[in-house]
Amino acid sequence: MPEPIELKLDHRMDLPDQEDLLDRMAQGVISTPMDRPEGPLKVSGTASYADEDHPPGTAYGWFVRANIAKGWVTGLNTKELQTMPGVLAVIRDDRMIRNPAQGGDAKSPHQGPAEIFYKGQPIALVVAETFEQARDAGLAARAEYKDSSHKAVILPAQAKYEEPRSKQSSQGNLDRAMKKAAFSVDVEYDTPSMSHAAMEPHAAVAWWEDGRLTLRGSYQMLNSNAQELADALGVSVKKVRILSRYVGGGFGSKLGIGHEGVGAAIAAQKLGRPVAIALHRRQVFEATHRRSETRQRVRLCCDADGHLTGIGHEAWVSNLPGEDFSEPVTQATSFTWAGENREIGHYIGRLNLTGAGSMRAPGEAVGVPVTDAAMDELSEAAGIDPVEFRLRNIPETDPSTGKPFSSNRLADCIRIGAERFGWSERPKVPGSRREGEWLIGFGMSAIIRVNMLGDSTARVTLRPDGTALVETDMTDIGTGSYSVLTQIAAEMLGLPPERVTTVLGDSDLPPSIGSGGSRGAASSGSSVMLAARALRGKLAERMGCDEEELTLKDGTVIAGNRQRDLADVLAGDSLQGTGTIRKGKAEDGHRQSSWGAEFCEVAVSSVTGEVHVRRLSGVFAAGRILNAKTARSQCMGGMIFGIGQALHEEVFHDARDGSFMNRDLAEYHVPVNLDVPHMDIELLMDDRDPFANPMQAKGIGELALCGTAGAIVNAIANATGHRFRSFPVTLDKVLEKLG
Amino acid sequence: MDVTLTVNGTPHVLEIDDPRVSLLDALRQRLDLTGTKKGCDHGQCGACTVIVNGRRINSCLTLAVMHEGDEITTIEGIGTPGDLAPLQQAFIRHDGFQCGYCTPGQIMSATAMLEELRQGWPSQVTGDLGSPALSDDEIRERMSGNLCRCSCYPNIVDAIREVAGKAAEGAA
């Protein structure tokens with residue numbers, strides 16, 4: 001193939017988009033519910049995940065982990081382990097990490113396996129010829145410790161909380177507003193430690209060739225992951241390549257490089273052969289990240305007409321010493337509801353527990369359900385219908401900053417959702433509707449998730465035969481990246497999607513922001529759009545017209561009354577466009593968020609305390625929807641994640657040493673098929689947000705989770721007449737109140 | 001010791017020198033049939049579901065050496081990317097998966113489950129034990145051993161119901 005003709009288009013998002021370019025294209029494939037192009041591979045078991053396609057000669061690793069919560073490792077029965085069958089090495093290397101990197105760190109997390117900060121922390125790695133031998137030797141490991149567990153801080157109640165000044169804010173006088181208000185609530189809620197529980201355990205296969213590392217891993221953000229891994233190993237980032245073609249779920253647990261990646265790379269280097277490490281499910285629970293538990297105090301007050309006059313939201317969260325991340329619980333509180341008197345508090349406790357990291361929608365996932373449940377309590381106190389109460393309190397502008405919203409569709413989502421759900425049939429008096437042993441109730445919640453953009457680059461190549469190749473290091477963790485990037489390129493280049501091939505998940509490809517924070521599709525998608533636009537410019541030049549006059553459809557190039565086959569116009573050339581989108585000033589002047597509303601009907605057994613979610617429906621506005629099918633599935637997944645949060649999911653930490661008492665999928669309960677009803681999901685297909693990016697699309701992957709649990713507890717309150725302020729609402733808590 | 005497994009119709013003689021090798025690891029590491037997934041290695045998630053002698057089992061909970069002479073069907077034996085079975089096609093059409101990791105197990109489980117239903121096996125939610133009908137709740141209950149953290153459950157039910165419905169029409 002001849003050298004491609006290279007073209008470039010960079011765009012910094014400083015001004016709102018005025019072109020709405022995708023709406024002017026002719027192919028008609030964007031936004032359609034196209035099937036996932038990788039579907040045939042996934043349903044036939046031929047899509048290849050991290051712990052597969054092992055190179056010949058692969059050895060297997062198993063982590064030895066600390067069984068104290070704090071102290072130092074002073075010895076290990078290494079000699080004994082080395083004599084066990086098949087054992088190749090027992091590795092304790094200063095480059096090993098304490099906990100996985102946080103999303104976007106781009107540098108190594110805390111290193112050194114000798115000092116122990118939490119029970120279950122990897123302290124050594126056993127490598128053997130087979131998986132069974134490595135596991136056996138790993139389980140036979142006995143460490144000696146200098147044990148300072150007596151100084152470990154396990155329970156949040158024992159922790160000293162930091163109060164970082166930048167995370168506190170105050171406007172007006174909330175105390176005075178609370179005193180003067182016609183109605184007020186001052187309530188405390190708590191949410192437990194939770195676990196991502198992606199179906200694919202964290203795994204990595206590493207091998208070195210000519211001083212360069214290749215690592216098959218299960219990661220979400222390859223550009224920063226390669227930097228984290230290189231930094232941990234002490235090598236140049238050019239010496240590291242990470243492959244994550246398919247990722248078996250992430251939910252934030254694979255945002256940063258983890259033990260398996262660093263450990264496999266070190267072991268492969270020492271042994272001079274490939275090494276595979278797949279974390280055992282227990283290790284996934286205890287040695288990756290968790291979502292921090294939260295304690296939240298919410299104060300709300302309103303006048304006699306139900307207009308909010310004050311809102312206070314304080315959150316107590318935790319993490320390991322020295323970790324920058326803390327669950328940003330109050331993130332959406334600053335702008336969702338009106339009220340001139342406002343207080344935000346954010347306090348971070350340092351615990352000797354498995355580190356806390358981002359789990360699907362860090363912040364809003366636990367913050368919105370709680371503020372929304374408190375809103376529900378206040379609406380009840382004020383005697384105003386919960387839908388009407390929320391509609392009265394949607395602010396005109398961001399009440400914390402005075403900045404306008406880029407777009408605010410919250411009221412539309414609430415109104416449309418209420419209508420579709422049949423909200424008018426809601427039991428007016430809590431605890432009044434009964435079907436035999438079952439108490440029936442309706443609840444709703446506003447759904448809020450901030451919108452972000454991340455710097456991303458992609459390469460799109462038009463080949464002489466009129467097919468296109470899309471390449472970026474973006475990942476598809478089930479979110480639909482393969483689908484939407486294919487559709488964007490197909491739309492921009494006027495090609496049927498079958499003529500577009502999308503290659504992702506290779507850190508050698510142009511860097512994207514990766515999958516995290518619901519930025520992936522909009523950011524990497526914008527870079528693909530820009531790359532394709534650069535190609536359109538070249539095609540227009542060859543047709544002797546302006547790009548605006550160019551129509552591309554079904555592999556033909558049309559300018560005015562001239563129509564040519566794309567392959568003719570290419571005339572044997574390959575055109576390679578590189579597109580880059582960068583964050584800019586557009587996000588400074590306006591508050592950006594995705595919006596939604598969810599409605600729920602529950603049945604609560606007065607005999608067993610069981611809560612059944614009978615109906616769950618949602619309406620969502622997230623700018624342009626890139627693929628109606630994958631977007632709907634993301635919303636469905638988020639809502640079901642919320643069912644788990646409301647009713648099932650809780651990590652129980654042993655109060656003595658912090659270990660996970662439920663560290664597997666039988667004891668940590670995620671929703672199963674029978675827990676889930678059919679769902680009504682409506683996407684506002686006409687929504688656009690010109691401030692977000694050139695595609696006018698916003699984040700949707702996390703959105704639907706951000707409030708679901710609120711809708712469910714509000715429905716439980718309507719069914720039973722009792723408020724439940726401790727998540728999850730398990731049978732024991734229900735029975736205690738029902739008597 | 002040598003163990004003969006007939007996998008997707010093809011006999012394989014495996015030299016299993018370690019009795020601790022699970023059927024799952026034998027399939028994945030010795031036969032390179034990595035369509036069968038390891039999610040928990042504990043029989044809790046269903047990602048490793050295969051059909052052995054006509055019944056679905058969690059292949060992580062059984063040892064390879066226990067399956068001398070057994071007939072094993074894995075996802076690779078259900079259909080290939082170029083020649084997909086109706087259930088596989090329906091999973092694509094209804095978006096019955098996202099990350100795809102639990103998907104082979106879901107499809108294996110669904111395949112066996114429809115046969116169980118056809119043979120009249122009752123379940124926890126069956127009202128009339130004599131004749132369980134193909135309802136959404138029957139599908140949900142019988143598929144509840146297969147976790148999907150992306151949570152495509154309603155789409156999985158739609159996919160299974162469509163295929164089962166068509167099969168029933170064909171039979172009638």
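At a glance:
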{"read-out": "Packing-based ranking, highest mean first, of A:121-131, A:585-595 given that Cβ atoms within 10 Å are counted", "value": "A:121-131, A:585-595"}
{"read-out": "Cα lying deepest toward the dipole's positive end in chain A, options A:Gly577, A:Gln296, A:Gly367, charges on Cβ", "value": "A:Gln296"}
{"read-out": "Per-selection metrics, the stretch B:84-172 (Cα): Rg and Dmax in Å", "value": "12.5, 38"}
{"read-out": "Inter-chain shielding of B:38-48 (mean C-beta neighbours from other protein chains, 10 Å cut-off)", "value": "6"}
{"read-out": "Residues whose placed amide H lies under 5 Å from that of A:Ala66, excluding near-sequence neighbours", "value": "A:Gly120, A:Gln121, A:Ile123"}
{"read-out": "Amide H contacts under 5 Å for A:Met34, placed H, 5+ residues apart", "value": "A:Ala628, A:Lys629"}
{"read-out": "Directionally averaged shadow of chain B, computed from the convex hull of its alpha-carbon atoms, nm²", "value": "10.2"}
{"read-out": "Shielding of A:672-683 by partner chains, average beta-carbon count, 10 Å", "value": "6"}
{"read-out": "Estimated FRET transfer efficiency (A:Asp14, A:Ala157; beta-carbon r; R0 45 Å; 0.05)", "value": "0.40"}
{"read-out": "Sorted peptide list for A:556-567, B:119-130, A:317-328, criterion being average Cβ within 10 angstrom, highest first", "value": "A:317-328, A:556-567, B:119-130"}
{"read-out": "Calculated P(r) tail over 19 Å for the stretch B:2-77, as whole % of Cα pairs", "value": "22"}
{"read-out": "Span from the the stretch A:702-739 Cα centroid across to the the stretch B:17-38 one, whole angstrom", "value": "43"}
{"read-out": "Alpha carbon centroid spacing (whole Å) that separates the stretch A:537-606 from the stretch B:44-70", "value": "47"}
{"read-out": "Fraction of alpha-carbon pairs over 21 Å apart in the stretch A:7-140 - percent", "value": "66"}
{"read-out": "Packing rank of B:139-147, A:204-212, A:446-454, where each peptide gets the mean count of other beta carbons within 10 Å, highest leading", "value": "A:446-454, B:139-147, A:204-212"}
{"read-out": "Pairwise label distance in nanometres, A:Asp305 with A:Glu548, each label 7 Å out on the Cα-Cβ vector", "value": "4.6"}
{"read-out": "Over 28 Å between alpha carbons, listed pairs A:Lys70/A:Lys107; A:Lys239/A:Lys698; A:Lys403/A:Lys583; A:Lys254/B:Lys38; A:Lys167/A:Lys428; A:Lys146/B:Lys37", "value": "A:Lys239/A:Lys698; A:Lys167/A:Lys428; A:Lys146/B:Lys37"}
{"read-out": "Eligible lysines near B:Lys166 by straight Cα distance, threshold 26 Å, same-chain separation 8 or greater", "value": "A:Lys42, A:Lys629"}
{"read-out": "Global geometry of the stretch A:452-576, whether rounded, prolate or oblate, following the gyration tensor of its Cα atoms and the 1.5 cut on a/c", "value": "prolate"}
{"read-out": "Inverse mean reciprocal Cα-Cα distance (Kirkwood Rh) of chain A, Å", "value": "26.9"}
{"read-out": "Residues A:Asp732 and A:Ala666, FRET efficiency given R0 of 22 Å [Cβ-Cβ distance, rounded to 0.05]", "value": "0.75"}
{"read-out": "5 Å binning of all Cα-Cα separations within the stretch A:118-265, expressed as whole percents from 0 upward", "value": "2, 7, 11, 12, 12, 14, 12, 9, 7, 5, 4, 3, 2, 1, 0"}
{"read-out": "Peptide A:279-288 - average C-beta neighbours from other chains (10 Å radius)", "value": "2"}
{"read-out": "Convex hull projection area averaged over all views, the stretch A:638-707, Cα basis, nm²", "value": "7.5"}
{"read-out": "Diffusion constant of the stretch A:243-367 at 37 °C, which comes from Stokes-Einstein with the Kirkwood Cα-pair radius and 0.692 mPa s, µm²/s", "value": "190"}
{"read-out": "Separation of the A:Glu396 and A:Glu129 label points, Cα + 7 Å toward Cβ, nm", "value": "7.8"}
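Bear in mind these aren't lab numbers, they're just calculated from the coordinates by the rules spelled out. Being a predicted model, the structure only gives us computed values, none of them experimental. Every residue, glycine as well, gets a Cβ built from its backbone with ideal geometry; the counts of neighbours run over all protein chains shown.
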